[in-house]
1. Within the range 419-441, can you find the residues that are buried (at least 19 other Cβ atoms within 10 Å of the Cβ) and either in contact with a Lys or Arg (Cβ under 9 Å, 6 or more places away or on another chain) or under 11 Å from Leu378 (Cβ atoms) (or both)?
2. Please pick out the residue among Met335, Met350 that is part of a helix (DSSP H, G or I), under 30 Å from Arg104 (Cα atoms) and either open to solvent by 60 Å² or more (accessible area, probe 1.4 Å) or among the charged types (D, E, K, R) (or both).
3. Open to solvent by less than 50 Å² (accessible area, probe 1.4 Å) and in contact (Cβ under 8 Å) with a residue 12 or more places away in the chain: is that true of Phe57 in this structure?
4. Filtering the range 510-537 down to residues that are of a type in the set (Ser, Thr, Tyr) and either within 28 Å of Gln392 (Cα to Cα) or not in a loop (DSSP other than H, G, I, E, B) (or both), which residue is most open to solvent (accessible area, probe 1.4 Å)?
5. Regarding the range 453-461, can at least one residue be identified that is surrounded by 19 or more Cβ atoms within 10 Å (Cβ to Cβ), of a type in the set (Lys, Arg) and in a helix (DSSP H, G or I)?
6. Taking the options Ala306, Ala314, Ala319, Ala359, name whichever one is more than 15 Å from Glu239 (Cα to Cα) and either modelled with pLDDT of 95 or more or more than 21 Å from the chain's Cα centre (by Cα) (or both).
7. Would you pick out the residues in the range 383-397 that are open to solvent by 100 Å² or more (accessible area, probe 1.4 Å) and not in a helix (DSSP H, G or I)?
8. From the set of residues in the range 566-587 that are touching a strand residue (DSSP E or B) at 6+ places or on another chain (Cβ under 6 Å) and farther than 18 Å from Gly643 by Cβ, which is surrounded by the fewest Cβ atoms within 10 Å (Cβ to Cβ)?
Amino acid sequence: MSGDIERTSGKSDAPTGLVSSRDNLRVEMRVRELEEDPPAGDESNKPVFAAGHERMFRWAVLGAVWLIAGVYVGLRIGVGWVPADDGTLAQSALRVLQGQLPHRDFAEIYTGGLSMIHALAFRVLGVNLMSLRICVFLFFLAWIPAVYYIALRFTSALGAGLVTLLAVSWSFPNYPAAMPSWYNLFFATFGAAALLRYLEVRTRKWLYVAGVCGGVSIAIKVIGAYFVAGALLFLAFLEQSENAGRGAGKTSWGYRAFSASSMFAFAGTLIYVLHARLTLAEFYHFVLPSAMVVGVVLLGERKVLAGTGDRFSALARTAIPFACGVLSPIVIFLMPYAISGALGSFLTGMASSVAGHVADLAVIRPAPVQYVAFVLPLVAVLTAAMYWDKFQGKVVGAAIGLGAIVIVVRATQSMRILSGVWFSAVMLTPVVVVLGVTAVVFAARSRNARTKLERQQVMLLTSLAATCSLVQYPFAAPIYLCYTLPLTLLALAAIVATRKRQPGTYVLASVAGLYMAFGAVSLVPMQVAELTHEVGRMDKLQLPRGGVRIENERVFEDLSRFLQQHSPNGLMYAGNDCPELYFLAGLKNVTRDDGGAKADEVLRALQSTDVKVVVINEAPFFPVGRMNPEVRAEVERKFPHHGQAGIFQVFWRE
């Protein structure tokens, strides 16, 4: 085992300490007590100050990483948008600020918790699009130390800093809108950090904290359940790991039946959800990772000798605090619905939202399985760095580094090279999960306590990478990779660090530098969230509720003012996927659904003479967003005047 790993595997607050946890405690106390340098020649105090300097260095690296990432992303938080995304988030938050409840009073496409968070941001920062960007940016700033904390469990401070910057470059700056999936990523990372802390100190409050992270994530968007699923799979594995080899050959057929049925129920549910679109590509990206984790749990049953009662007790000691944590924020979130007698409306709205969301988004399939070939060079280089002694020198490291620079530069000019690097990341998660579970299975042969802890840590991150990658279903757009890839990168870092037999410092740093630079130089400027066209010049949206830099800002500025002038009573219908117009113009929707209500509801609303202006989006991204022909005919009949503003057809009457 490498020196780095031996330093980072203890159960102490100082994961990279050089001594035991008890000695670390004494060292930390001595550092606090001593205010002066030790007398020259006092050798007994040198470990104290070495540990103190190491701790200061770790904080210094975190500070540098936090500053670099914060400045880099902070300069971009107001750049670009997807109008329907920003419009939906802003309109939902505004409705909550006005006293409405998601699903009860208006159609909400997510769970509703995010709208409450954003309503608070509006109250504190003002009602404009930049307030939402600042809100998610603050969560991003809190996320950076969590990523660093996790990486520091497996590598040096400099290595953890590099891994953190790598995770940053492939995540939030690629689309700095306040999307719920960013919050899901952030809270999954917070939860992973809490579970890693539990493994070190075995204090159940950290299980509760991890559960709270999962519950908050679900309250923001229901896919937060993917983190909860990954954590529960890990807790099942942890029970096996702690009880392996214990007992006197007792039978635990009752627990084994429970474990097997739970694993098969999870796998069966996953396949049922995916079955309508289950091709080989979906199997590779979405079924294989979770199936591998389930397989490890099932395989581990044969080594556990403890009795059924002991095993259920062991599982309960971890699962109950975690479950209580999950339920706590959900119960708090549901209290306004219970008090107002609207739990039924919430459940109905959630069911309708999930079903509609899946149907609307099912337009982009994952990359074909043959693209896994793009990952093989990366795996080969990592393997050589981990095991081959001839791959350790500075010359080899310099050659790999030079090659990385060439790839990054050429990727800005060659679509073939850019695609190669991109698809090596797209296809990475299943490969990492396979490597992770393989490492876990082989590490089970060791009885070393340090190896046991490392095995549990790797399994945790592997399980979360597997289940959280499901965020890409059913809409495998490029930006959805960024919502989950940081968890995969952390799992990969843990696997490499715990399994390597050679330092591999220069090569591993070069590989991480390649992907980090690619993210910053090629990926972020590409605006991967925009699917319909290449993004052109962007200028600041000069409206009271604007503030972000977008394309065609004059169209939205002029159109918003026009709509205000032609709606003296503040009412409007903006149909089929253009909720941003309600928010920017400050006008009220005459239906419950800001994204586009059902045809019968729209037709009823149009019968009122109070509606003076209607907008139709002629170019919605999703096919289901096209205007209903019957509604269009009614609009053309009742609103004699019309004009064009960009992709919007405007109808009005006096």
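1. Just the residues of the range 419-441 that are buried (at least 19 other Cβ atoms within 10 Å of the Cβ), to begin with: 421-422, 424-433, 435-437, 439-440.
Those that are buried (at least 19 other Cβ atoms within 10 Å of the Cβ) and either in contact with a Lys or Arg (Cβ under 9 Å, 6 or more places away or on another chain) or under 11 Å from Leu378 (Cβ atoms) (or both): Val421, Ser424, Ala425, Met427, Leu428, Val431, Val432, Leu435, Ala439, Val440.
2. Details: Met350 fails: either open to solvent by 60 Å² or more (accessible area, probe 1.4 Å) or among the charged types (D, E, K, R) (or both).
It is Met335.
3. Values: open to solvent by less than 50 Å² (accessible area, probe 1.4 Å): no; in contact (Cβ under 8 Å) with a residue 12 or more places away in the chain: yes.
Criteria not met by Phe57.
4. Tyr515
5. yes
6. Working: Ala306 fails: more than 15 Å from Glu239 (Cα to Cα); Ala314 fails: more than 15 Å from Glu239 (Cα to Cα); Ala319 fails: more than 15 Å from Glu239 (Cα to Cα).
Going through Ala306, Ala314, Ala319, Ala359 in turn, just one is more than 15 Å from Glu239 (Cα to Cα) and either modelled with pLDDT of 95 or more or more than 21 Å from the chain's Cα centre (by Cα) (or both): Ala359.
7. Step one: filter the range 383-397 for residues open to solvent by 100 Å² or more (accessible area, probe 1.4 Å), giving 387-388, 390, 394-395.
Passing the criteria: only Trp388.
8. Initial filter on the range 566-587 (touching a strand residue (DSSP E or B) at 6+ places or on another chain (Cβ under 6 Å)): 566-567, 570-578, 581-582, 587.
Remaining after also requiring farther than 18 Å from Gly643 by Cβ: 570-571, 577, 582.
Numbers: Gly570: 12, Leu571: 16, Asp577: 23, Tyr582: 23.
Step by step, filter the range 566-587, then rank; the result is Gly570.
The values are calculated or read from the model by the stated rules, or taken from the named source; none is laboratory data. For clarity, every value in this text was computed on a predicted model and none was experimentally measured. Every residue, glycine as well, gets a Cβ built from its backbone with ideal geometry; the counts of neighbours run over all protein chains shown. These area figures cover heavy atoms from the full protein model, side chains too; ligands, DNA and RNA do not enter into them. Shrake-Rupley method; radii C 1.70, N 1.55, O 1.52, S 1.80 Å.
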